[in-house]
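What follows is a set of notes on a single structure, which appears directly below.
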Amino acid sequence: MPSPHPAAWAGAIEQALKGALILPENRCFTLVRRPEGMPVDADFALVTQDAPELQDGQFLLRNHYASLDPAMRGWMDDKPSYFPPIPLGHPIPASTIGVVAASRNDDFPVGSWVAGFGAIEEYTLHRKGSGRKIDRGLLPVVTNYLSIASGVGPTAYFALLDIGKPLAGETVLVTGAAGAVGSLVGQIAKLKGCRTVGIAGGARKCERLLRDYGYDAAIDYKGKSPEELVAAIREAAPDGVDIQFENVGGAILDAGLMTLNDKARVVLCGLISQYNCDPLPTKNLWQLIVKGARIEGFILTQYISRLGEAVPELTSWVREGKLRIDEHIEEGIENALPAFLKLFEGTNDGKMILKLV
Ligand SMILES: NC(=O)c1ccc[n+]([C@@H]2O[C@H](COP(=O)([O-])OP(=O)(O)OC[C@H]3O[C@@H](n4cnc5c(N)ncnc54)[C@H](OP(=O)(O)O)[C@@H]3O)[C@@H](O)[C@H]2O)c1
């Protein structure tokens, strides 16, 4: 057999040396049009890009799971926000966890599990300083990092404890109570000795509030007039509401405001009922005046430097069985939109996560 030409050997050796750096193609879920109202298929495109060349200090993360969050809807609009609007043609940004597929960064060797802020895409290029290595022993399953150590856990923790400042014996009203943030808020409030009242959509979710998250009372908002909702909250919170943890807005926010105690705190964490429509005016803000109450917005980006306070306590509560996490996992990058829409249909049971591998 003739031996290969020296130039061919050189090519093969170079290829072998590059081994780990032969980069794959990357399917990305991109925004191609700004949604009007509820997002539809034509607002997005699944595109395939070449993975970029790795530079020193960079690594390529094979995303296994992406967090789907209601806030992404706001990033799709061209409006001033805490996060720049997603440029058309770009992948939808997302917190992800995955395994390093190629690396020119010794701190992130191939094969290690990493959490980072990337996008709904198969591979994300991380630059030096981005990404956090995951300690697989800390939480029962790897997806729990998206629920506890990423956006949702620290949101529930800081928004309730820093802004709500719960005291034992106080009553905490949580809207969107069966969701990812709301279910944690209810449980943390119980750990702090509070009485908890949760509002959610439907009898099944209300059963879960009582059974799975330890709420003292559960209210199904569906089919109730504003007056009926106020009456239901008053019945469930006979001593009034000291902290209203607001995830929903609109008529639900308005109903809660009518039940506040003197010096109550309203934690404005989210307004999910208003994300796909022109926001409705809030009618009962006057209650803040007559009760000398306070309303304050929360945004997690202002707490990034303090994540080290929240995550160890949240993970130890999970390990000790004091904090229950529920996750709703949908599969396949091609299902990104239907999975995202479940957040607005109320058909997610727990933290919405998209499985990419
Ligand atoms: N400020 C921050 O830094 C920050 C960070 C994370 C999350 N958030 C906010 O926290 C809230 C919850 O987020 P999450 O990730 O935990 O989502 P989630 O609660 O797990 O899922 C969304 C839930 O919202 C409820 N919902 C949707 N549309 C509604 C409507 N029109 N009226 C009433 N309820 C509606 C549904 O529950 P029902 O079936 O009970 O209706 C749905 O299951 C959102 O408002 C989000 O924007 C804020």
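The values are calculated or read from the model by the stated rules, or taken from the named source; none is laboratory data. All of these numbers come straight from a predicted model, not from anything done at the bench. Note: ideal-geometry Cβ built from the backbone for every residue, glycine included; neighbour counts use all protein chains shown. Remember, those area values only see protein heavy atoms, side chains included, never the ligands or the DNA or RNA. Shrake-Rupley method; radii C 1.70, N 1.55, O 1.52, S 1.80 Å.
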* To do: Calculate what fraction, in whole %, of the accessible area of the chain sits on carbon and sulfur atoms when a 1.4 Å probe is rolled over the protein chains.
  => 55 percent
* **Filter on Lys224/Lys322; Lys79/Lys263; Lys222/Lys351 - keep pairs with C-alpha separation over 30 Å** => Lys224/Lys322; Lys79/Lys263
* Asked: Counting only protein chains, not ligands or nucleic acids, how are Lys224, Lys283, Lys79, Lys322 ordered by accessible area (probe 1.4 Å), most first?
  -> Lys283, Lys79, Lys322, Lys224
* About the Cα centre of the stretch 140-233, how large is the charge dipole given +1 on each Lys and Arg Cβ and -1 on each Asp and Glu Cβ? Please answer in debye to the nearest 20. => 160 debye
* If you take the square roots of the eigenvalues of the alpha-carbon gyration tensor of the stretch 245-334 and sort them as a ≥ b ≥ c, do you get rounded (a/c under 1.5), prolate (a/b over b/c) or oblate? -> oblate
* Please identify, among Asp69, Asp50, Asp262, the residue showing maximal mean-square fluctuation in a Gaussian network model of the chain using a 10 angstrom Cα cutoff. => Asp50
* To do: Describe numerically, in nm with one decimal, the distance between label points set 7 Å from Cα along Cα→Cβ at Arg306 and at Arg204.
  => 3.7 nm
* To do: Mind telling me which of Ala217, Ala236, Ala168 comes out most flexible in a GNM of the chain, alpha-carbon contacts under 10 Å?
  => Ala168
* Per residue, how much accessible area does the stretch 55-118 have with a 1.4 Å probe, in Å²? -> 40 Å²
* Gap in Å between the Cα centre of the stretch 178-239 and the Cα centre of the stretch 82-128? -> 36 Å
* So what is the diffusion coefficient of the stretch 152-301 in µm² per second by Stokes-Einstein at 10 °C and 1.306 mPa s, using a Kirkwood Rh over Cα pairs? -> 107 µm²/s
* Structure fact -> Sorting Leu285, Cys206, Gly256 by the position of each Cα along the dipole of the stretch 152-301 (Lys, Arg +1; Asp, Glu -1; all at Cβ), the one nearest the positive end of that ordering is Cys206
* To do: Compute the relative contact order of the chain as a whole-number percentage, counting only Cα pairs closer than 8 Å that sit 6 or more residues apart in sequence.
  => 16 percent
* With a 1.4 Å probe and every protein chain left in place, work out the accessible area per residue of the stretch 152-301 in Å², rounded to a whole number. => 40 Å²
* Structure fact -> Taking N as the number of residues in the chain, the ratio of its alpha carbon radius of gyration to 2.2 N^0.38 Å works out to 1.13
* Structure fact -> Taking every DSSP bridge whose two residues both lie in the chain, the antiparallel percent to the nearest 5 is 55 percent
* Structure fact -> Against the 2.2 N^0.38 Å rule of thumb, the C-alpha Rg of the stretch 98-208 sits at a ratio of 1.37
* Quick one: which residues, 5+ away or cross-chain, put their amide H under 5 Å from the amide H of Ser95? H built at 1.01 Å from N. => Ser67, Gly118
* Grab the beta carbon distance between Asp239 and Leu285, set R0 = 25 Å, and tell me the FRET efficiency rounded to 0.05. => 0.65
